[in-house]
1. Is the range 154-173 home to any residue that is at pLDDT below 85, surrounded by 12 or more Cβ atoms within 10 Å (Cβ to Cβ), more than 37 Å from the chain's Cα centre (by Cα) and part of a helix (DSSP H, G or I)?
2. I'm trying to understand the selection: among the residues of the range 70-127, which are of a type outside the set (Val, Ile, Thr) and assigned to a strand (DSSP E or B)?
3. Mind checking whether some residue in the range 28-36 is loosely packed, with under 11 Cβ neighbours inside 10 Å, at positive phi and at pLDDT below 70?
Amino acid sequence: MDAIVQWITQIIIFMLLATIVELLIPATSMKKYIKLVIALILILIFLKPIFYLFHIDVKEALTASYERLENYNADEKDMKSLIEFQKNEIQDKQSAYIEEQMAVQLIDLAKTPLLESYQAAITNIEFSFASEKTPTRKEFEDLEEVIVYIKHAEESEEGVNIVDEVVINTNTPKRNKDSPELEEIENLLRDVWEIENKEVTVIWKGGTT
């Protein structure tokens, strides 16, 4: 008689706990698997008298079911971490691509004015954003400064201007003291790029002129 009372008590307690757990579980793809494990545990408890008849270790079976439930919870956390990591990785790549395209467009716009007025060419552009705390969400509105490295344009035998490969680097560079000519170039670039509300810093490769 005591065994029956204990069995019924286990069923009632487990159903209450299962209800609470189901309410606490967020609506994710793992929820159906957790509900399945809970249902299996409940079935094991219902079949407990039969297990006794066949000398099946109910405690061991329940322990295995609980461990499976814990593994599902751990897998769900790992899955969330993996998704978040992949999301950040994609955002980083998108941000780098956007910066690269932005630099290419700016260099193309400034190429002719710089060459005609100062016989100079851009070798490198760096961007400084206000949202450095969230580097995966860089937007033009957050752009604070454009750092431009230039040098004297050289011509090959075919008359084609040779410049260094464009490199995108978001690390803060060392600043040079501005010369009047550099200030003129900064104003020129600001006008050409139509970014009057952004800071433009020009650094001449090999020093200021």
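1. Going through the range 154-173, the residues at pLDDT below 85 turn out to be 154-173.
Those left that are additionally surrounded by 12 or more Cβ atoms within 10 Å (Cβ to Cβ): 161, 163-164, 166-170, 173.
Next cut, more than 37 Å from the chain's Cα centre (by Cα) only: 161.
Narrowing further to those that are part of a helix (DSSP H, G or I): none.
No - not one qualifying residue is present in the range 154-173.
2. To start, the set of residues in the range 70-127 that are of a type outside the set (Val, Ile, Thr) comprises 70-82, 84-89, 91-97, 99-103, 105-106, 108-111, 113-121, 124, 126-127.
Passing the criteria: 120, 121, 124, 126, 127.
3. So far as the range 28-36 goes, no, none of its residues is loosely packed, with under 11 Cβ neighbours inside 10 Å, at positive phi and at pLDDT below 70.
The rows are residues; the columns are (1) within 33 Å of the chain's Cα centre (by Cα); (2) modelled with pLDDT of 85 or more; (3) surrounded by 13 or more Cβ atoms within 10 Å (Cβ to Cβ).
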residue	(1), (2), (3)
112	no, yes, no
115	no, yes, yes
150	yes, yes, yes
201	yes, yes, yes
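The values are calculated or read from the model by the stated rules, or taken from the named source; none is laboratory data. What you are looking at is a predicted structure, and each value in this text was computed from that prediction instead of being measured. Counting neighbours? That spans all protein chains shown, and the Cβs are built from the backbone with ideal geometry, glycine included.
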